[in-house]
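The values are calculated or read from the model by the stated rules, or taken from the named source; none is laboratory data. Keep in mind that what you see is a predicted model, and the values were worked out from it rather than measured. All Cβ positions, glycine included, derive from the backbone under ideal geometry; neighbour counts span all protein chains shown. Side chains included, ligands, DNA and RNA excluded: accessible areas come from the protein's heavy atoms. Shrake-Rupley method; radii C 1.70, N 1.55, O 1.52, S 1.80 Å.
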Amino acid sequence: MKDYFQPEALQTLIEEYASFGIHRTGWPADDRCSDWLLGWLEQFGVEPGLSEFTFPYVETRAAYVEAEGALVQGTPLHDGGATPPGGVRGPVVAGAGGDLAGRIAVVRGPQELAALLDAPAEGRPAAVIAVSGDPEGNVLLRNAEAIDHPHELPVIQVALKDAGPIEQALASGAEVSVVLDFTRSRGTATNVVGRLPANGTEAPIMITTPKSGWFTCAAERGGGLAITLALAAHLARSASRRREVLFLFTSGHEINYYGMLEHLKANPDLRERVHTWVQLGASIGARNQPAWRVFSRDETLRKSMSEALERQGLGPVTLAPVDQRPGGEAREVFDRRFLALAGGHPYFHSPRDIPEVAVDAERVARFGLAFRELVDGLVG
């Protein structure tokens with residue numbers, strides 16, 4: 001039988017996932033990914049299924065800054081506001097401080113942007129230009145964590161490499177225009193679920209990983225997906241499972257983890273029924289100086305995962321404080337027995353998060369073996 005924990009096999013899975021295109025919730029690549037996962041699970045004897053949900057779908061008609069006679073294209077903050085027809089115009093200023101009423105603020109970091117989004121309406125800018133860049137200057141998009149209750153402030157996200165005209169306007173004190181024309185409607189997306197029955201009657205474990213994101217997400221999502229599929233193939237071959245194994249591949253990650261929230265709403269007993277939740281989060285096996293952390297409130301799980309990672313040469317491991325709630329989907333099971341691993345890397349939320357730039361298959365394989373060791377101990 002093929003060993004899916006080998007680097008070459010995991011690399012192939014990640015490349016297949018990335019080849020579908022942009023994995024935003026409800027986009028064609030997200031739907032193709034669901035079909036791919038269903039076929040993959042069924043191939044190895046895992047009972048597959050779809051869990052459909054609706055979500056706030058953002059459709060952009062125009063998003064640009066007019067500065068110094070140039071048009072700089074961007075992406076609206078999906079939980080931000082739109083501009084009036086024709087956009088807004090005003091003098092451009094740097095930073096988030098002072099009285100910004102009637103001005104266009106340029107910010108360069110998540111803290112500055114967060115300060116403006118949380119600021120009272122009085123003195124708030126007419127619009128915000130959020131400039132960000134990966135190592136090549138491509139935009140790094142911000143997750144829409146307030147998608148159900150959007151901010152009123154219009155925010156356009158712009159790539160550092162395209163921001164030259166905006167910088168010129170800042171230097172000269174010129175006015176710029178911001179146009180953000182988009183709509184929100186109800187879209188449809190799918191989570192993928194899987195089930196391996198048990199030989200025993202003990203409570204199940206749940207293995208979860210997100211499948212959606214802003215771009216191709218090869219390193220952000222690919223490692224977690226590939227390892228989860230490898231775990232499914234591995235566990236399906238086991239004849240001695242005392243626990244049922246459930247799998248959940250969620251969409252809606254970039255819009256406040258919508259798929260996980262909707263799945264838990266549709267299955268209200270799931271939190272209590274599952275014995276242990278294992279979340280394969282962001283950037284597992286990414287290259288380019290990534291950083292990962294293990295989250296869990298359970299000392300046995302913390303110790304088991306730390307030791308498994310160190311045996312694979314992935315230590316020392318950063319353990320988050322036991323009372324620190326993780327970001328991502330695992331926050332929804334913080335009061336249950338859970339373990340989550342997640343991290344970041346320089347191409348996180350970038351269009352250049354592609355296999356040849358951001359993925360280290362050898363490292364993905366070592367993480368996969370550590371998760372296999374952990375999960376084998378849980379299912380018995």
Practice problem: Identify all residues within region 283-303 that are surrounded by fewer than 19 Cβ atoms within 10 Å (Cβ to Cβ) and assigned to a helix (DSSP H, G or I); write none if there are none. | Solution: Glu299, Thr300, Arg302, Lys303
Exercise. Please go through region 21-76 and pick out each residue that is in contact with a helix residue (DSSP H, G or I) (Cβ under 8 Å, 6 or more places away or on another chain), under 30 Å from Leu170 (Cβ atoms) and open to solvent by less than 10 Å² (accessible area, probe 1.4 Å).
Key: Val65, Ala67, Val72
Practice problem: Scan region 47-59 and give yes if some residue there is over 25 Å from the mean Cα position of the chain (by Cα) and under 30 Å from Val193 (Cα atoms), otherwise no. | Solution: yes
Exercise. Pick out the one residue from Ala82, Ala63 that is modelled with pLDDT of 95 or more, small (Gly, Ala, Ser) and closer than 25 Å to Cys217 by Cα.
Key: Ala63
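Which strands (runs of 3 or more DSSP E) sit wholly inside region 59-142 and have at least 3 residues that are of a type outside the set (Val, Ile, Thr)?
Numbers: elements: 70-73, 88-94, 104-107, 127-132.
Qualifying strands (runs of 3 or more DSSP E): 70-73, 88-94, 127-132.
Being open to solvent by less than 10 Å² (accessible area, probe 1.4 Å) and out of contact with any Phe, Trp or Tyr (no Cβ under 6 Å at 6 or more places or on another chain) is the filter here; which residues of region 342-364 pass it?
Residues of region 342-364 that are open to solvent by less than 10 Å² (accessible area, probe 1.4 Å), as a first pass: 350, 353, 358-359, 364.
If the condition is that a residue be open to solvent by less than 10 Å² (accessible area, probe 1.4 Å) and out of contact with any Phe, Trp or Tyr (no Cβ under 6 Å at 6 or more places or on another chain), then Ser350, Val359, Val364 are the ones that fit.
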Quiz item: Which of the residues belonging to region 132-148 are open to solvent by 10 Å² or more (accessible area, probe 1.4 Å) and without any contact (Cβ under 8 Å) to a residue 60 or more places away in the chain?
Solution: Ser132, Gly133
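Here is a yes/no grid of residues against (1) over 18 Å from Leu261 (Cβ atoms); (2) in a helix (DSSP H, G or I):
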site	(1), (2)
Phe5	yes, no
Glu15	yes, yes
Cys33	yes, yes
Glu42	yes, yes
Pro48	yes, no
Glu52	no, no
Tyr57	no, no
Self-check item: Where a residue in region 356-370 is among the acidic types (Asp, Glu) and its partner, wherever it lies, is open to solvent by less than 10 Å² (accessible area, probe 1.4 Å) and assigned to a helix (DSSP H, G or I), with Cβ under 9 Å and at least six apart
Solution: Asp360/Gly223
